[in-house]
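S.K.: Take a look at the following structure, please.
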Amino acid sequence: VIFGIVAPLRALEQIQQFEHGHSEEHEKENMTSFEIFYRRFPGRLVLMPIMSATCTAAYFGGTWVDFGCSLVLGSVTSAIHYLSSKYTDVGLVQDLLVSIVVAILACIPMALDPEGTCFSAQTLGALFWYLYGTAFFTSLYEIQSGLLLTGTTRLFLAIINSYVLAMGSALGLWMSFFAGSDRFELAGRACSEATNYQMNDLWFLFF
C-alpha cells in the first residue's frame, strides 16, 4: 500500500521538476567539476561514509566507536544508493531496504560492546543522507508561495518516506535476534549513558 502511494507521488514530482526546467542536463551546466564529483557517482561513494561518521559524532552524540562503525554503515548505504541508481526495482524500495540493513548492522557493535556504543547515533548518522528535512522545509515554502500542487506532493512524499525509514529501522531491530532479547532496551538508551561518550562543541567548527 505504501509503495503504491509513493510511486505515483515520485512520478508526479519528476514531471513537475521537468516542467520547471530542472533537468539534470540544465543543472550540470551550472556546476563546477567539484560539484559534479560530489553530487554524482563516484563522488557520493566517498562523501556518504564521511558524512555518516561525522554526523554520528557531531549531531547525535555518538562515541568514537560509533564514529568508526558509521564509516562502515555509510559505505553500505552508499553502495545501496549506487545500486538504486542503476536498477529501478532496487530504487523503488531503497528507503526501506537501506533502513533495514543499517538497523541490522548497527546491532552488531551494540551486541559486542553495549556499554560503548549508541544504536540511535549510528542509525541516524548512517541514514542522514536519506532524511527528508530539506524536503519538509521546501514543501512548506512552496505551499506558502502558492505552489500548492508541487508543495503538497513534496510534503506527502517526505512524510511517507520518513515513515518508511522509521518502519524499516524498527523491522531491522526486530530481525536482529543475535543482539539478544534486551536489544530494544539498549537501542532506546540515551547516547550520553555510553562510555567514551563524545560531545565536544569543537565539532561544530567543521559545519
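The values are calculated or read from the model by the stated rules, or taken from the named source; none is laboratory data. Just so it is clear, the model here is predicted, and its values are computed rather than measured. Here the Cβ positions follow ideal geometry from the backbone for every residue, glycine too, while neighbour counts run over all protein chains shown. Note: areas computed on protein heavy atoms with side chains; ligands, DNA, RNA excluded. Shrake-Rupley method; radii C 1.70, N 1.55, O 1.52, S 1.80 Å.
S.K.: Can you pull out every residue in region 92-112 that is open to solvent by 10 Å² or more (accessible area, probe 1.4 Å) and more than 14 Å from the chain's Cα centre (by Cα)?
M.R.: Those that are open to solvent by 10 Å² or more (accessible area, probe 1.4 Å) and more than 14 Å from the chain's Cα centre (by Cα): 92, 104, 105, 108, 109, 111, 112.
S.K.: Still on this model: I need every pair where a residue in region 155-177 that is touching a residue at least 24 places away in the same chain (Cβ under 8 Å) and over 14 Å from residue 107 (Cα atoms) has its Cβ under 8 Å from the Cβ of a residue that is open to solvent by less than 70 Å² (accessible area, probe 1.4 Å) and of a type in the set (Lys, Arg), sequence separation at least 6 or different chains.
M.R.: If the second residue must be open to solvent by less than 70 Å² (accessible area, probe 1.4 Å) and of a type in the set (Lys, Arg), the pairs left are 157/10.
S.K.: Considering region 137-157 alone, what residues qualify as being open to solvent by less than 80 Å² (accessible area, probe 1.4 Å) and either within 17 Å of residue 124 (Cα to Cα) or assigned to a helix (DSSP H, G or I) (or both)?
M.R.: Residues satisfying the conditions are 138, 139, 142, 143, 150, 151, 152, 153, 154, 155, 157.
S.K.: Residue check, residue 74 against (1) open to solvent by less than 20 Å² (accessible area, probe 1.4 Å); (2) of a type outside the set (Lys, Arg); (3) within 18 Å of residue 190 (Cα to Cα), all met but one. Which one?
M.R.: (3)
S.K.: When you scan region 158-167, do you find a residue that is buried (at least 16 other Cβ atoms within 10 Å of the Cβ) and not in a helix (DSSP H, G or I), even just one?
M.R.: Looking for residues that are buried (at least 16 other Cβ atoms within 10 Å of the Cβ) and not in a helix (DSSP H, G or I), one finds none in region 158-167, hence no.
S.K.: Does region 113-136 contain at least one residue that is under 16 Å from residue 52 (Cβ atoms), over 14 Å from the mean Cα position of the chain (by Cα) and open to solvent by 50 Å² or more (accessible area, probe 1.4 Å)?
M.R.: no
S.K.: In region 42-71, which residues are within 9 Å of residue 125 (Cβ to Cβ), aromatic (Phe, Trp, Tyr) and either open to solvent by 60 Å² or more (accessible area, probe 1.4 Å) or under 13 Å from the mean Cα position of the chain (by Cα) (or both)?
M.R.: Scanning region 42-71 gives a single hit, 59.
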